[in-house]
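All remarks here apply to the structure that follows.
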Amino acid sequence: MGLKNNFEDLKLLTSRYNPSLIFLQETNLSPNDTFNMRNFELIRKDRTDALRASGGAAILIKKEIQYSIINLNTNIEAVAITLIPHNTTYCSVYIPNSFNLEYGDIDNLITQLNAPFIIAGDYNSHNTLWGSNHTDRRGRIIEDILHNKHLNLLNTNLPTFLCSSTGTHSAIDLTICSNSIAPEYQWEVSDDTHSSDHYPIILKSLQWPQNNNIKKIYNIRQANWESYVMSFKTPTIDEADINTTLDRFVESIKEAAENHIPISYIYPNRP
């Protein structure tokens, strides 16, 4: 459905999970489109050979995080960054059904990534290895890559996609990583699609809490309270779904604060 159409749900997810990185696929942005999200920087790969905005891959990075962009030479819609000083590479990929995927396409992408790395995205591939009810040609290609490159699949056989026309589930969103860092991550799937046909995947780092303990401080004394009050949006209370109402209320508070109260970041002491 596209990044712009799902922006409000993206903000809700960001408020709930406070992610450092957000991997996006099917962003549906044309090269002339602009997109901004407060406190995040966006790197993206737009589809340029279509008659309308479609496809695409992107990564949103929290502004306090240092990173370098990897310039990829690939036919796959993909973007990649390396974090500093973690030196871990993160890649977001989207491989539509219309793309004639070959083994060499994935192999070429992997050779351009600095290890250790994580490649997360929508592969549109099926394999009983990661929870599908059948194995297709693409699934066999991915399986061969995992075996030949000694990579790890973080998926836990849970479905990641809901077909709106049939109501059936499948697992087509994969998170592949170097074996050396596989124990450092916990892979989960949200129980709510948040207006998408894909379930958000939450990748929790078991290492970052010690290494990236950055505190965000609101400078209350310099707050513009008049504009804060004017911009605050009180959500409509839905007693049937009070959790969503609460999420929207908290998001309204945070959005008003970030727009009208200066923010400072305090970094931990480093040895």
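Checked against the criterion of being touching a residue at least 60 places away in the same chain (Cβ under 8 Å), touching a strand residue (DSSP E or B) at 6+ places or on another chain (Cβ under 7 Å) and more than 19 Å from Ser252 (Cβ to Cβ), the candidates Phe23, Phe35 yield just one match: Phe23.
Would you confirm, using the coordinates I've provided, whether Ser68 is within 30 Å of Asn157 (Cα to Cα) and among the polar types (S, T, N, Q)? Spelling it out, it is not the case that Ser68 is within 30 Å of Asn157 (Cα to Cα) and among the polar types (S, T, N, Q).
Return the residue satisfying two criteria in turn: it lies in the stretch 1-16 and is farther than 18 Å from Ile201 by Cβ and in a helix (DSSP H, G or I), and of such residues it is least open to solvent (accessible area, probe 1.4 Å).
So, considering only residues that are farther than 18 Å from Ile201 by Cβ and in a helix (DSSP H, G or I), the one least open to solvent (accessible area, probe 1.4 Å) is Phe7.
Is it the case that some residue within the stretch 47-56 is charged (D, E, K, R), buried (at least 18 other Cβ atoms within 10 Å of the Cβ) and in a strand (DSSP E or B)? Within the stretch 47-56 (the criterion being charged (D, E, K, R), buried (at least 18 other Cβ atoms within 10 Å of the Cβ) and in a strand (DSSP E or B)), the answer is no, since none of the residues qualifies.
Within the stretch 138-185, count every residue that is without any contact (Cβ under 8 Å) to a residue 60 or more places away in the chain, hydroxyl-bearing (Ser, Thr, Tyr), under 25 Å from Ala115 (Cα atoms) and open to solvent by 40 Å² or more (accessible area, probe 1.4 Å). Adding up the residues that qualify gives 1.
Counting only residues that are over 23 Å from Phe7 (Cβ atoms) and crowded, with 18+ Cβ neighbours inside 10 Å, the stretch 186-204 holds 0 of them.
Set side by side, the residues Ser132, Ser98 differ, and just one is under 22 Å from Ile202 (Cα atoms) and not charged (D, E, K, R), which is Ser132.
If you go through the stretch 111-137 and pick out every residue that is at pLDDT 95 or above, open to solvent by 20 Å² or more (accessible area, probe 1.4 Å) and not in a loop (DSSP other than H, G, I, E, B), you end up with 2. Residues that are open to solvent by less than 40 Å² (accessible area, probe 1.4 Å) and touching a Gly at 6+ places or on another chain (Cβ under 8 Å) within the stretch 25-46 comprise Thr27, Leu29, Asp46, listed in sequence order.
Restricted to the stretch 77-94, and to residues there that are of a type in the set (Val, Ile, Thr) and at pLDDT below 95, the residue that is most open to solvent (accessible area, probe 1.4 Å) is Ile84. Leu72 satisfies every condition listed in (1) open to solvent by 30 Å² or more (accessible area, probe 1.4 Å); (2) of a type outside the set (Phe, Trp, Tyr); (3) in a strand (DSSP E or B) except (3).
The values are calculated or read from the model by the stated rules, or taken from the named source; none is laboratory data. Note that this is a predicted model, so its numbers are computed, not measured. Reconstructed Cβ throughout: ideal geometry from the backbone, glycine too, with neighbour counts over all protein chains shown. Side chains are part of the model used for accessible areas, which takes the heavy atoms of the whole protein and leaves out ligands, DNA and RNA. Shrake-Rupley method; radii C 1.70, N 1.55, O 1.52, S 1.80 Å.
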